[in-house]
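Remarks on the structure that follows.
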Amino acid sequence: MSAITPQVLLRAYAAGIFPMAESAEDNALYWVEPEERGVIPLDGLRISHSLRKSLRRGLFEVTVDADFPAVIAACAEKTPDRRSTWINSRIVALYTQLHRMGCCHSVECRQDGELVGGLYGVRIGAVFFGESMFSRATDASKVALVHLVARLNFGGFGLLDAQFVNPHLERLGAIAVPRAEYHRLIEPLLDRTADFFAFDKDDDPETVLAWAAGRR
């Protein structure tokens, strides 16, 4: 994969493939095409009572694309609960280039000016391909996800890709779909116009919650 470029990466996503590394220390990358793909239906996000409470209390200042390098660096960090990570230096470099091209975005959550949670992912047409998320405070990554889904619904997106389903994402509404079904879902969306920046109500919890629930 020595010749991988941001353009190759975008074509791979459109074909249902994405890169990973064995570990942060291993500079090699390999392509992944799961037999079953994790997706979060944009009308199926599950927001628990406690998460709604966190949102309504305004515990976090939520921004978009305010500090992409800090978000991807935090997602790459090892933690006591995450002993290894698949984000190596090549991943960081490639997705930072995609961000500069306007194809990769971050959502940040801050408390008292400190970055405490967030996520990042790739945008093609009306599909958002979620890559990774991190949390240094209770509910921070979940709040970022709720704000992302509200933004995607408001902007006319059709699908949020989650790559794989794990217990954490399953509790938030992620489902697994077979590879063929996944391709059927994304193909008409890749050339559809959607506006990632149309939503401007991240400071209004009730509006965020309404759009995160799939209001169209």
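The values are calculated or read from the model by the stated rules, or taken from the named source; none is laboratory data. From a predicted model like this one, the values you see are computed outputs, not experimental measurements. No Cβ is skipped: glycine too gets one built from the backbone with ideal geometry, and neighbour counts run over all protein chains shown. Note: areas computed on protein heavy atoms with side chains; ligands, DNA, RNA excluded. Shrake-Rupley method; radii C 1.70, N 1.55, O 1.52, S 1.80 Å.
Some points to look at:
- Based on Cα contacts under 8 Å between residues 6+ apart, the chain shows a relative contact order of 28 percent.
- Excluding the site residues themselves, the longest part of the chain lacking any chymotrypsin sites (Phe, Trp or Tyr not before Pro) in a DSSP loop with at most 16 other Cβ atoms within 10 Å is 1-163.
- Carbon-plus-sulfur accessible fraction, the stretch 1-149 (probe radius 1.4 Å, protein heavy atoms only): 47%.
- Only Lys, Arg, Asp and Glu carry charge here, each on its Cβ (+1 for the first two, -1 for the last two); on that basis the stretch 71-166 has a dipole of about 200 debye about its Cα centre.
- Residues of type aspartates and glutamates that K78 reaches as a straight line, Cα spacing below 18 Å, ignoring anything fewer than 8 places off in the same chain: E22, E25, D26, E131
- Here the alpha carbons of the chain define both size measures, Rg and Dmax, at 16.2, 47 Å.
- The residues of the stretch 89-185 present an accessible area of 35 Å² per residue when probed at 1.4 Å with all protein chains retained.
- Using Cβ point charges alone (K and R +1, D and E -1), the dipole size of the chain about the Cα centre works out to roughly 360 debye.
- Candidate lysines - alpha carbon under 26 Å from K53, same-chain residues fewer than 8 apart omitted: K142, K201
- Residue with peak Gaussian network fluctuation, the chain [Cα springs, cutoff 10 Å], from E77, E181, E36: E181
- Gain in span if fully extended, K53 to A180, counting 0.36 nm per residue against the direct Cα distance: 41.9 nm
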